[in-house]
Amino acid sequence: MPRDKSDSLFKLIHSLTKNEKRYFKIYIQRGGQEDTKTIKLFDAISSQEEFDENKVLSENPELKPDQLSNLKAELYKHLLESLRLYHDGKIVDLKIRQHIDYAQLLTDRCLYEQSHNQLKKGKKIATQHDNLELLLEIIRLEKSIMPQLIDNKNQMRVNKIVAEVSHLNEKINRVNQLSNLESKLNSLYKKVGFIRDQRDHNAIENYLNKNLPKYKEEELSDLEKIHLYNLFIGYFFFIQNFHKSYENAIKLVSLFEENPRLIISKTDFYIQALNKLSIAQSKLSMYDDFVVTIDRIQKIPQVHGINLSTDLKTRLYKYYYMHQLNRFMLIGDFKSGIEMIQNVENGIESFIQHLDQHSSIIFYYKIACMYFGDADYNQTIQWLNKIINLQDVDIRRDIHCFARILNLVAHYEVGNLDVIDYYIRSTYRFLAKKYDLRLYQQYILKFLKNLGMSRSNAELNSLFKQLRSQLLTLRDKPYEKRAFIYFDIISWLESKMENRKIGEIIREKAMQRISSRQSLEI
């Protein structure tokens, strides 16, 4: 077994839970010398922190070097087989697939009635859980055995199947169109972030309208609705229409909660739905609702009948920390946010290293903002450098741009005035190259350049007031206001003007926003 396959075996073994390992031992203990060797190999690899083939051989002399490659291949195959059997009654798709497999075996033995009975059982489950692809596979197999089921209902059955295939193909095509469109927009968002101007808005809107399939919402299947709502959540978020994004997130979460079976069969989509709802609520300062939603995310493992894969557990873990940071930012409680960061098991950096690059960039920036809010500017710079020093700046260009702006402000606060001019020129070149040199950025760069000169307190205060006035004129402009999503520079300017901590000012504003929204809801 080549090195990459050995690594795959090692990773698979170490991904198993205790119960899965115990089940594997029961499954494999079927007697025979080969099975004994397979268990020994399993135990040897399971006990290693890093894969070491030479150590496996030296500690287990009964395992011969010339046998090891075949043993590893057999072990990998047996592990997958045991996992399939272990989860057979828990994963809906496996239940459906089992009936399809049984039907195929029975068809091969010319036991067509028995095969048809298995297909009916699989069809019932697939229909209940809106699994269109497996439903289509069942119907196609059903159609293939129909000529062998000769009775007075045969023609009626054939006509029904033909109509079902046509109807299902139409739905599957629509799901593919929606999911492709959703993936395209999501990929573009991960690249550039929020739209920058009218040209961006027109391009996104035209692309959506051109590729959106025709539909009647009330006639859509659950799976079609999931992809439709996900598409609109992402689209409206992309163009900064958080109210519309929130409305679609509510529809998506309601779809699951009105059909609890969907939570079991499409757990990943349900987790995504709650995650997207909480993001929309945080953007709209809906603090009480936001807290309720993140509590629901945390309680997902307790849902009866739910089966969480390692991937879903990792995703829940990521969402937990992401939303806790969002919560502390919403209420301006930066000290508690930093306390949480410092108390993450095995360290926050170790945790972030296991995430995809897009998630890592978001975490780096949020953590930097948390330290900035607590006036720990050295730590702010350290976390921002993790973004600035990345080679690939084509993932979330917007965050790369604003990381450089915040980095300049942090260097000013630390007193690194000797490097400010260099960083301003560097940032100016970067923003110009990435087509993100807007009025917001121009005002700040000019302001910071002026700050680098020796000035009296009165002059500095005048500069702070001037920039604040300039920026306040941008807050209601559609394509300039996005800048305030990334960094609350207004509060920073006010902290300098009033000689107060930025955290205090952000907290006061946060409480006012939350209180104002609660009053409106009453």
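Bear in mind that the values in this text are calculations on the coordinates, not laboratory data. Computed from a prediction, not measured in an experiment: that's the story for all the values here. Neighbour counts are summed over all protein chains in view; Cβ atoms, including those assigned to glycine, are modelled from backbone coordinates with ideal geometry.
Descriptive notes on the structure:
- Packing rank of 51-58, 408-415, 276-283, where each peptide gets the mean count of other beta carbons within 10 Å, highest leading: 276-283, 408-415, 51-58
- Cα convex hull volume per residue for the range 3-86 (Å³): 86
- Summed over all non-identical Cα pairs, the Kirkwood treatment of the range 190-316 gives a radius of 15.7 Å.
- Convex hull volume per residue in cubic angstrom - Cα atoms of the range 55-132: 143
- Low-density loop cleavage sites - trypsin sites (Lys or Arg not before Pro) in the range 92-181, where at most 13 other Cβ are within 10 Å (DSSP): 109, 153
- The separation of the range 254-297 from the range 35-66, counted between C-alpha centres, amounts to 45 Å.
- Length gained when the stretch residue 417-residue 60 is fully extended (0.36 nm per residue, less Cα-Cα span): 122.1 nm
- For the range 197-220 and the range 324-390, distance of Cα centres in Å: 35
- The peptide list 500-512, 456-468, put in order of mean Cβ contacts within 10 Å with the highest first, becomes 500-512, 456-468.
- FRET efficiency for residue 357 and residue 117, using Cβ-Cβ distance with R0 set to 56 Å, rounded to 0.05: 0.65
- Helix-only mean residue ellipticity at 222 nm for the chain, each DSSP H run of n ≥ 4 adding -39500 (n - 2.57), per residue, nearest 500: -25000 deg cm²/dmol
- Directionally averaged shadow of the chain, computed from the convex hull of its alpha-carbon atoms, nm²: 31.5
- Rg over Rh for the range 223-287 works out to 0.97, using Cα positions for both radii and the Kirkwood form for Rh.
- Put in order of Cβ neighbour count within 10 Å, fewest first, the listed residues 246, 215 become 215, 246.
- The protection proxy used here, the mean number of other Cβ atoms lying within 10 Å of each residue, ranks peptides 356-369, 176-189 as follows, highest first: 356-369, 176-189.
- For 7, 130, the sequence from fewest to most other C-beta atoms within 10 Å is 7, 130.
- Reduced Cα scattering model of the range 241-350, Debye log10 I(q)/I(0), q = 0.17 Å⁻¹: -0.85
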